[in-house]
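The values are calculated or read from the model by the stated rules, or taken from the named source; none is laboratory data. Note that the structure is a prediction, hence the values are computed from the model and not measured. Methodologically, a virtual Cβ is constructed for each residue, glycine included, from the backbone with ideal geometry; neighbour enumeration extends over all protein chains shown. We work out accessible area using only protein heavy atoms, side chains counted, and drop any ligands, DNA or RNA first. Shrake-Rupley method; radii C 1.70, N 1.55, O 1.52, S 1.80 Å.
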Amino acid sequence: WSSDVCSSDLLNEAAQREVDAWGHVRFIVVPNAWHRIDAARYAERYPDARVVCPDPARKGVSKKVRVDGNLSLIPADPALSCESVAGSRIEEQVLIVRSGARASLVFCDTVFNLPRIAGFKGWVYGAIGSTGAPKVTPLLRVLSINDRPALRAHLESLAATPGLHRIVPGHGAVIEGATEAPAVMRSVAATA
């Protein structure tokens, strides 16, 4: 996922080499039009990779990088599935990644888990309700959610994902644990 908010550059070179060692990068997923700042640099680094995004993001994303198509271009794989987040006006996706019996949920903006932050920046993030605990932020509800009950129901169903062990928010710390992840997902659903 490429991010305007969390990063304004590629990974450092050591981390980038580690990603490269995993294998050939075939897709660059731009999750929405707000998270596109690094996409062109990744597309340059991986010129053979296909750049994909949800259809509602295409116009905004294509202002920064070529778009080869939507997420349907990603080949079917039992270890990876994408679901549109219910109630999301921007068609945000949650990625469900399976590794053996464990499952991870990977979000972009729907789930935040930022700690309290010091200083003026922290005050701003706190004032808009984006810090303190895993949650759907008030700002996200205003900017991109058009059906809160549908979002809540979808997040509750994701809490019941078999083998749920990890929640990877687009912003903040990863939540891990076979007991903790489902409980946190249920508490996040309550904030929708």
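Quick check on my filter: what residues within segment 89-102 are crowded, with 20+ Cβ neighbours inside 10 Å and at pLDDT 90 or above? Spell out how you get there, then give the answer.
First, pick out the residues of segment 89-102 that are crowded, with 20+ Cβ neighbours inside 10 Å: 90, 92-94.
Of everything in segment 89-102, just one residue is crowded, with 20+ Cβ neighbours inside 10 Å and at pLDDT 90 or above, namely 94.
I'm trying to understand the selection: among the residues of segment 122-141, which are open to solvent by 60 Å² or more (accessible area, probe 1.4 Å) and either under 18 Å from the mean Cα position of the chain (by Cα) or closer than 15 Å to residue 172 by Cα (or both)? 139 - this is the single residue of segment 122-141 that is open to solvent by 60 Å² or more (accessible area, probe 1.4 Å) and either under 18 Å from the mean Cα position of the chain (by Cα) or closer than 15 Å to residue 172 by Cα (or both).
Residues are listed down the side, and each one gets a yes or a no for (1) touching a residue at least 40 places away in the same chain (Cβ under 8 Å); (2) on the phi < 0 side of the Ramachandran plot:
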| residue | (1), (2) |
| --- | --- |
| 128 | no, yes |
| 134 | yes, yes |
| 149 | yes, yes |
| 153 | yes, yes |
| 163 | yes, no |
| 166 | yes, yes |
| 180 | no, yes |
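Going through (1) basic (Lys, Arg); (2) surrounded by fewer than 12 Cβ atoms within 10 Å (Cβ to Cβ); (3) in a loop (DSSP other than H, G, I, E, B) one by one, residue 59 falls short only on (3).
Every residue, every condition in (1) under 19 Å from residue 55 (Cα atoms); (2) in contact with a Lys or Arg (Cβ under 6 Å, 6 or more places away or on another chain); (3) in a strand (DSSP E or B); (4) of a type outside the set (A, V, I, L, M), yes or no:
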| residue | (1), (2), (3), (4) |
| --- | --- |
| 75 | yes, no, no, yes |
| 86 | yes, no, no, no |
| 104 | no, yes, yes, yes |
| 109 | yes, no, no, yes |
| 113 | no, no, yes, yes |
| 123 | no, no, no, yes |
